[in-house]
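A short worksheet on the structure shown next.
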Amino acid sequence: MLKFHMLKSIIVNFIGIFNSRVLGFIRDLLSASYLGATIYSDIFFVAFKFPNLFRRIFAEGAFSQSFIPSFAKSQYKPKFAYKVFITFLLILIFMSIIVNVFSYQITSILAYGFSEEAKKLAAPLVGLNFWYLDLIFIVTFFASLLQYKNHFATTAFSTALLNISMIVALIISKDLPKEKIIWYLSYGVLIGGILQVIAHLIAAKYKGILKLLYIGFLSKKKVDLSTFKKHFLPSVFGNSTAHISAFIDTWLASFLTAGSISYLYYANRLFQLPFALFAIATSIVLFPKITKAISKENFDEAKILMKKSFWYLLYALSLALIVTIIANKEIVSILFERGEFTSKDTQITAVVLIMYMIGIIPFGLNKLFSSYLYATHKHLKAAKFSAISLIVNIIFSIILIFPLKVYGLALASSIGGIVLFFLTLKEYGYKEFLEFFEKKYIFLMLIVIILSIIFGIGFKEIILLIKG
């Protein structure tokens, strides 16, 4: 069994992420119903995906993987934290101004295949949505400090505030023209970001973090950020492969028929559910534990944590993969098929989902093993592997988009994930990895596969029964 306090933290993250994802699916359900898979949904998803790309890179480990070790080693933590915060915030505000000033030019790059009219509609929304990045950096910064203090609940549950805000925006605007709905959705994104910031400020005050920053603001001491900066950029790139891959998919899909971007979006949202619930929830908790164990040269404890986490993840991700393979069409249908989202949209999205799910186990397990690389300060190695994976993904996207259209883009992403996993695993060590395989775990794996098949068939029949 995993240590109780670690298991408790994983469960807190799991419940918080699950709560957020359920609300996210309600949001997507309403979005699919009111907008369907049309040029308007494509426009919003392009506008939202740009800052969301950075949000996922920040929130899913890159910032904390660099900040927490550097913060822990800093001789004067208040000044270090304040200087990192103000430096990043000013840079992001400047970036946001640039994006808003050149929103049309940036939109033309993001959605190159859009018509001129669609680009003009999308440009102001791209600028508006990008301000969300400034808000989510504040959230991520405070989340890292809260994580350092072993407080995970606020961050795990606060993402729900974004989804609630967007759901309210959709309900208010449901009878308006689609062009207006996407504006309401964009304002909902910003309001949701503000609510997330407020939630973290409250938690930060309770944990004494605001006081720490105030002390840093008043301090005249000088601190060195070079170590943090050295690790940050490789961490960003190392954590970004799946998200850059999805972003490239969106760009290439703009050349395909209207609705292709939406098919990728809805399928990727379903892919992200088990990925977030299991892989991200585990890695967020595992990383500081492994880091502390290695810093104390307790390598045996680190390996035990890795082995237990590996099997937990493999069981959970295998369950998700098998159930999705068995009931992919039914899952998409019950979630999205209503209003403007047709049965044809369901069929296409379901196949795209399968193409993405081929990569769920390698992407998920890579999240685990890359945490070990970051804990052992191999940031550049992780970045190198991500670069190779991304190049493989781009090559296969270009090759597969012609014969397989939108399906090929999703499959190329999974191929990139498989390459990334094996590169990371090689660096971890095949010999050490093979030590994970004990008879009891393999036997449990067979049981998980059998139960997953039974559960998948039962789940499919239940959905068919509900749909009548």
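Every residue, every condition in (1) open to solvent by less than 10 Å² (accessible area, probe 1.4 Å); (2) modelled with pLDDT of 90 or more; (3) part of a loop (DSSP other than H, G, I, E, B), yes or no:
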site	(1), (2), (3)
361	no, yes, no
364	yes, yes, no
367	no, no, no
372	no, no, no
Boolean, residue 423 is part of a helix (DSSP H, G or I), in contact with a helix residue (DSSP H, G or I) (Cβ under 6 Å, 6 or more places away or on another chain) and surrounded by 11 or more Cβ atoms within 10 Å (Cβ to Cβ): yes
task: Residue by residue through the stretch 103-129, note down the ones that are among the hydroxyl-bearing types (Ser, Thr, Tyr) and surrounded by fewer than 19 Cβ atoms within 10 Å (Cβ to Cβ).
output: 104, 108, 112, 115
field: Selection within the stretch 70-104 - of a type in the set (A, V, I, L, M) and within 25 Å of residue 210 (Cα to Cα)
entry: 72, 81, 84, 86, 89, 90, 91, 92, 93
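So that you can scan it fast, the table gives a plain yes or no per residue for (1) at pLDDT below 90; (2) touching a Ser or Thr at 6+ places or on another chain (Cβ under 8 Å):
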| residue | (1), (2) |
| --- | --- |
| 382 | yes, yes |
| 403 | no, no |
| 409 | no, yes |
| 428 | no, no |
| 434 | no, no |
| 441 | no, no |
| 462 | no, no |
| 465 | yes, no |
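Any residue that is open to solvent by less than 30 Å² (accessible area, probe 1.4 Å), under 30 Å from residue 41 (Cα atoms) and either touching a helix residue (DSSP H, G or I) at 6+ places or on another chain (Cβ under 9 Å) or hydrophobic (A, V, I, L, M, F, W, C) (or both) - is there at least one of those in the stretch 213-226? Steps first, answer last, please.
Narrowing the stretch 213-226 to residues open to solvent by less than 30 Å² (accessible area, probe 1.4 Å): 213, 216, 219, 223, 225.
Checking the rest, the ones that are also under 30 Å from residue 41 (Cα atoms) come to none.
There is no residue in the stretch 213-226 that is open to solvent by less than 30 Å² (accessible area, probe 1.4 Å), under 30 Å from residue 41 (Cα atoms) and either touching a helix residue (DSSP H, G or I) at 6+ places or on another chain (Cβ under 9 Å) or hydrophobic (A, V, I, L, M, F, W, C) (or both).
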task: Give the residues of the stretch 293-321 that are open to solvent by 20 Å² or more (accessible area, probe 1.4 Å), more than 19 Å from residue 354 (Cα to Cα) and assigned to a helix (DSSP H, G or I), sorted by residue number.
output: 294, 295, 299, 300, 301, 303, 304, 307, 308, 312
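Out of curiosity, is residue 132 modelled with pLDDT of 85 or more, part of a helix (DSSP H, G or I) and open to solvent by less than 40 Å² (accessible area, probe 1.4 Å)? Spell out the reasoning first.
On the way: modelled with pLDDT of 85 or more: yes; part of a helix (DSSP H, G or I): yes; open to solvent by less than 40 Å² (accessible area, probe 1.4 Å): yes.
Yes, satisfied.
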query: What is the one condition in (1) farther than 24 Å from residue 247 by Cβ; (2) touching a helix residue (DSSP H, G or I) at 6+ places or on another chain (Cβ under 8 Å) that residue 143 does not satisfy?
result: (1)
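Look at residue 143 and say whether it is surrounded by 23 or more Cβ atoms within 10 Å (Cβ to Cβ), farther than 24 Å from residue 46 by Cβ and within 21 Å of the chain's Cα centre (by Cα).
On the way: surrounded by 23 or more Cβ atoms within 10 Å (Cβ to Cβ): yes; farther than 24 Å from residue 46 by Cβ: yes; within 21 Å of the chain's Cα centre (by Cα): yes.
Yes; evaluated as a whole, the condition is true for this residue.
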message: Take residue 283 and tell me if it is at pLDDT 85 or above, crowded, with 24+ Cβ neighbours inside 10 Å and out of contact with any Gly (no Cβ under 6 Å at 6 or more places or on another chain).
response: no
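Do we have residue 405 as over 24 Å from residue 231 (Cα atoms) and in contact (Cβ under 8 Å) with a residue 12 or more places away in the chain here? Please lay out each step first, then the result.
Numbers: over 24 Å from residue 231 (Cα atoms): yes; in contact (Cβ under 8 Å) with a residue 12 or more places away in the chain: yes.
In short, yes.
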message: Looking at 261, 248, 167 in this structure, which one is among the aliphatic types (A, V, I, L, M), outside any loop (DSSP other than H, G, I, E, B) and modelled with pLDDT of 90 or more?
response: 167
- prompt: Looking at (1) more than 14 Å from the chain's Cα centre (by Cα); (2) open to solvent by less than 10 Å² (accessible area, probe 1.4 Å); (3) among the hydroxyl-bearing types (Ser, Thr, Tyr), which is the only condition residue 263 fails?
  reply: (2)
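Can you name every residue in the stretch 323-337 that is of a type in the set (Val, Ile, Thr) and modelled with pLDDT of 90 or more? Steps first, please.
Keep residues of the stretch 323-337 that are of a type in the set (Val, Ile, Thr), which gives 323-326, 331-332, 334.
Selection gives 323, 324, 325, 326, 331, 332.
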- request: Would you check if there is a residue in the stretch 84-91 being under 22 Å from residue 235 (Cα atoms), in contact with a Pro (Cβ under 9 Å, 6 or more places away or on another chain) and open to solvent by less than 10 Å² (accessible area, probe 1.4 Å)?
  value: no
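The values are calculated or read from the model by the stated rules, or taken from the named source; none is laboratory data. Note that this is a predicted model, so its numbers are computed, not measured. Every residue, glycine as well, gets a Cβ built from its backbone with ideal geometry; the counts of neighbours run over all protein chains shown. We work out accessible area using only protein heavy atoms, side chains counted, and drop any ligands, DNA or RNA first. Shrake-Rupley method; radii C 1.70, N 1.55, O 1.52, S 1.80 Å.
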